[in-house]
Amino acid sequence: MINQFSRTQLLLGKEGMDKLKNARVAVFGIGGVGGFTAEALVRSGIGAIDIIDDDKVCLSNINRQIFATHKTIGKFKVDVAMERLLDINPEVKIKKHQIFYTPETSPQFDFSQYDYIVDAIDTVSGKIELALNAQKTNTPIISSMGAGNKLDPTAFEVTDIYKTSVCPLARVMRSELRKRNIKSLKVVYSKEKPITPLEDTEIIGNDSDFSDKNSERERKIRRQVPGSTAFVPSVAGLIIAGEVVKDLINSK
């Protein structure tokens, strides 16, 4: 019988599709990377998905985030994402968490209930906490490294964190994970050297364009607002979705 996943089943088979339908995936961060991951997973037939983000859509998100349009500006990303994902597959089970994931908010999540974890958040402390919790519950996880300030979508690789190079975020993560005795972490990263963004005061001086919480946090941590494109974060997100699907259908 033909259904919306018929073309996917031609490649994955019924057993593979059943595994996806019975799987529950948590996507932490549904911005430029995680948004594309979440949508691709739902389009692939994932049966249940948790989406975690506390941010609202703002004007500067539109250039790269799949859930961001002029109609969704000012709305919470989890609300916009849930509406769109249910429109794609009305049968998918979605649990939204309007929360900023940190070591402090981490106890609100039971990681043992997930079949896979996607780390698409920006903060190092949050990424480390996700890796630690995944290790405690023996839950598969894949983590996105830096996608900002880059222009080459073909430079992404899937590897272990300890085999990465060039990427500044990966370098910090290697150091911090080693201190915590985390032996391995599957990541998507790029060897492209980050580009220094232009110091355009007409852009970065306009707080209304960067009013989302993530940008506010970024400005506290970084001296410059990172540049971004439509075609780099999206590719990272789709690569992650592909890895999740592959690992789930190959699981026992």
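Checking Ile117, Ile99 one by one, the residue that is out of contact with any Gly (no Cβ under 6 Å at 6 or more places or on another chain), of a type in the set (A, V, I, L, M) and part of a loop (DSSP other than H, G, I, E, B) is Ile99 and no other.
Yes/no per residue for (1) under 26 Å from Leu151 (Cβ atoms); (2) among the acidic types (Asp, Glu); (3) more than 16 Å from the chain's Cα centre (by Cα):
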{"residue": "Thr8", "(1), (2), (3)": "no, no, yes"}
{"residue": "Lys19", "(1), (2), (3)": "no, no, yes"}
{"residue": "Ile46", "(1), (2), (3)": "no, no, no"}
{"residue": "Arg64", "(1), (2), (3)": "yes, no, no"}
{"residue": "Val78", "(1), (2), (3)": "no, no, no"}
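Beta carbons closer than 8 Å, at least 6 apart along the sequence or on distinct chains, pair a first residue in segment 71-93 that is surrounded by 14 or more Cβ atoms within 10 Å (Cβ to Cβ) with a second that is outside any loop (DSSP other than H, G, I, E, B) and of a type in the set (Gly, Ala, Ser) for Lys77/Gly35; Ala81/Gly35; Ala81/Ala38; Leu85/Ala38; Val92/Ala48. I need the full set of residues from segment 124-157 which are surrounded by fewer than 18 Cβ atoms within 10 Å (Cβ to Cβ), more than 18 Å from Ile240 (Cβ to Cβ) and of a type outside the set (A, V, I, L, M), in order please. Scanning segment 124-157 gives Ser125, Lys136, Thr137, Asn138.
Selection of segment 121-149 for residues being assigned to a helix (DSSP H, G or I), touching a residue at least 24 places away in the same chain (Cβ under 8 Å) and not hydroxyl-bearing (Ser, Thr, Tyr) yields Val124, Gly126, Lys127, Ile128, Glu129, Leu130, Ala131, Leu132, Asn133, Gln135, Lys136. Answer yes or no as to whether Ile73 is among the β-branched types (Val, Ile, Thr) and either part of a helix (DSSP H, G or I) or out of contact with any Cys (no Cβ under 8 Å at 6 or more places or on another chain) (or both). For Ile73, the condition - among the β-branched types (Val, Ile, Thr) and either part of a helix (DSSP H, G or I) or out of contact with any Cys (no Cβ under 8 Å at 6 or more places or on another chain) (or both) - is not met. Looking across segment 174-222, just one residue is surrounded by fewer than 12 Cβ atoms within 10 Å (Cβ to Cβ), among the aliphatic types (A, V, I, L, M) and either in contact with a Cys (Cβ under 7 Å, 6 or more places away or on another chain) or modelled with pLDDT of 65 or more (or both), and that is Leu198.
Among the residues that make up segment 39-60, is at least one of them without any contact (Cβ under 8 Å) to a residue 24 or more places away in the chain and of a type in the set (Asp, Glu)? Give the steps one after another, and end with the answer.
Filtering segment 39-60 for residues without any contact (Cβ under 8 Å) to a residue 24 or more places away in the chain gives none.
The answer is no; no qualifying residue exists.
The values are calculated or read from the model by the stated rules, or taken from the named source; none is laboratory data. What you see is a predicted model, and the numbers here were worked out from it, not measured in a lab. Every residue, glycine as well, gets a Cβ built from its backbone with ideal geometry; the counts of neighbours run over all protein chains shown.
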